[in-house]
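Reviewing the structure listed below.
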Amino acid sequence: MALLAGCASRAEGVLIPTSVDVAGASTVDILVGTTRKPSDKPGFLFSGERGEEPEVTEIKVSIPPAKNREIGQVQWPRRLPPDPSREFATVAVKPVPVAAAPAWVKAHLPKSRRVLIFVHGFNNQYEDAVYRFAQIVHDSGADVAPVLFTWPSRGSIFAYNYDKESTNYSRNALETMLRQASQDPSVAEVTIMAHSMGSWLTMEALRQMAIRDGRVAPKIKNVILASPDLDVDVFGQQMQEIGKNRPNMTLFVSRDDRALQLSKRISGNVDRLGQIDPTQEPYRSELEKAGITVLDLTALRGGDPLNHGKFAESPEVVKLLGNRLIAGQTVTDSKVGLGEGLGAIAIGTAQTVGSAASVAVSTPIAIIDPNTRRSYNDQVGRLGQTLGGTIQTTLGQ
């Protein structure tokens, strides 16, 4: 859903470019591909209706100086022109021919040659997706060329079914974007991050690619699904059809996600992937078997009243995204102790969940990562000494 921060009132038409001359402000340059219909309203660029052909735009967003903002927050302009010292501001908007998109990506690739493609969720207007992605890229410090795929959402809580059909409408376009990025010789690696209903769209595009090409493109290394609004049965089938040679999968879940609770009720009362308890069966065994990493954010407090946007609003999680997940690294591995791997996140108790390695973090994240199992015992030993033997292990339960 749209993740709006700050005051309830906000300016409209924020995508009108404005000049910015503020010490300490920074700029995020984003390539935006969309299946939306162009808007005739100034400062909106694209509406929530469906366009006939995909279009591409370069948008530069100014982020206020660090002293005037909190990591994880989008500070929306209250009026126009915005105050760039305290609010997000659009610096430039430039249409890009679809055929020229690879040149833009090549020109914006960092040394890692990694591309991050973000797919937003339900109830997002075009500008919602642009500003939120700019915030994620800036706050995470991700070493990537940032690309946003925005599909036709009407930005209304009453348009759930329309939005869902719009994801289906956009599957081919996203698949094409993913294929082009992965076939670009200048690109070394592609990471996809999808939120909410965008997870359905992402999984469908990957499924189509696997069926069409016999596999997901090898350069697509990592897929991060945040609060995925996905029927768990459908997700299982999608995973099977994508096949064994699939990207590394990471899920952000939260059992107190109110948006997904509503989605579950209107979708036949089938569990949504983003609100499962990964420590309980059948999910525990299935997640381990599939090698999926899960970050359980249930205990994390966020500013979103629906608890649907914790992945983007928590400073700890956003930093974790940039430091490790977007970079394609495991959260904990044999080279990094658990405390170091989690950065600023405080560690309380480490334990195992079944035979899969888990780090149960008292404040505020639990991480279940089957890939860390081999190094788990050594890391627990080191942590046990550091924390005075307060860590308990419960192997084989």
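Which of the residues that make up region 59-105 are assigned to a helix (DSSP H, G or I), over 21 Å from SER9 (Cα atoms) and not aliphatic (A, V, I, L, M)?
Correct list: LYS67, PRO102, TRP104.
Taking LEU287 as the residue in question, decide whether it is at pLDDT below 80, within 27 Å of VAL216 (Cβ to Cβ), part of a helix (DSSP H, G or I) and open to solvent by less than 40 Å² (accessible area, probe 1.4 Å).
no
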Taking only region 262-279 into account, find how many residues are out of contact with any Lys or Arg (no Cβ under 8 Å at 6 or more places or on another chain) and at pLDDT below 90. 7
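When region 177-203 is examined, which residues are found to be open to solvent by 10 Å² or more (accessible area, probe 1.4 Å) and within 26 Å of ASP233 (Cα to Cα)?
TRP200
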Is it the case that ILE192 is of a type in the set (Val, Ile, Thr) and modelled with pLDDT of 95 or more? yes
How many residues of region 117-126 are open to solvent by less than 10 Å² (accessible area, probe 1.4 Å) and under 20 Å from LYS94 (Cα atoms)? The answer is 3
Just to confirm my filter: which strands (runs of 3 or more DSSP E) fall fully inside region 178-272 and include at least 2 residues that are at positive phi, touching a Cys at 6+ places or on another chain (Cβ under 9 Å) and among the acidic types (Asp, Glu)? none
Could you grab me the full set of residues in region 9-59 that are open to solvent by 50 Å² or more (accessible area, probe 1.4 Å), among the basic types (Lys, Arg) and in contact with a helix residue (DSSP H, G or I) (Cβ under 9 Å, 6 or more places away or on another chain)? ARG50
All but one of (1) assigned to a loop (DSSP other than H, G, I, E, B); (2) within 30 Å of PRO305 (Cβ to Cβ) hold for VAL28; state the number of the condition that does not hold. (1)
Every listed condition ((1) at pLDDT 95 or above; (2) assigned to a helix (DSSP H, G or I); (3) farther than 18 Å from THR18 by Cβ) holds for ALA134 save (3)
Which of the residues belonging to region 26-84 are among the basic types (Lys, Arg) and in contact (Cβ under 8 Å) with a residue 60 or more places away in the chain? ARG36, LYS37, ARG50, ARG78, ARG79
Can you pull out the residues in region 137-157 that are among the hydroxyl-bearing types (Ser, Thr, Tyr), in a loop (DSSP other than H, G, I, E, B) and surrounded by 24 or more Cβ atoms within 10 Å (Cβ to Cβ)? SER153
Of the conditions (1) under 19 Å from ILE30 (Cα atoms); (2) open to solvent by 40 Å² or more (accessible area, probe 1.4 Å); (3) touching a strand residue (DSSP E or B) at 6+ places or on another chain (Cβ under 9 Å), TYR169 satisfies every one except a single condition; which number is it? (1)
Given the structure, is THR330 over 20 Å from GLY121 (Cα atoms), polar (S, T, N, Q), more than 14 Å from the chain's Cα centre (by Cα) and at pLDDT 50 or above? yes
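The values are calculated or read from the model by the stated rules, or taken from the named source; none is laboratory data. No experiment lies behind these values; they were computed from the predicted model shown. Positions of Cβ are backbone-derived with ideal geometry, glycine not excepted, and every protein chain shown enters the neighbour counts. These area figures cover heavy atoms from the full protein model, side chains too; ligands, DNA and RNA do not enter into them. Shrake-Rupley method; radii C 1.70, N 1.55, O 1.52, S 1.80 Å.
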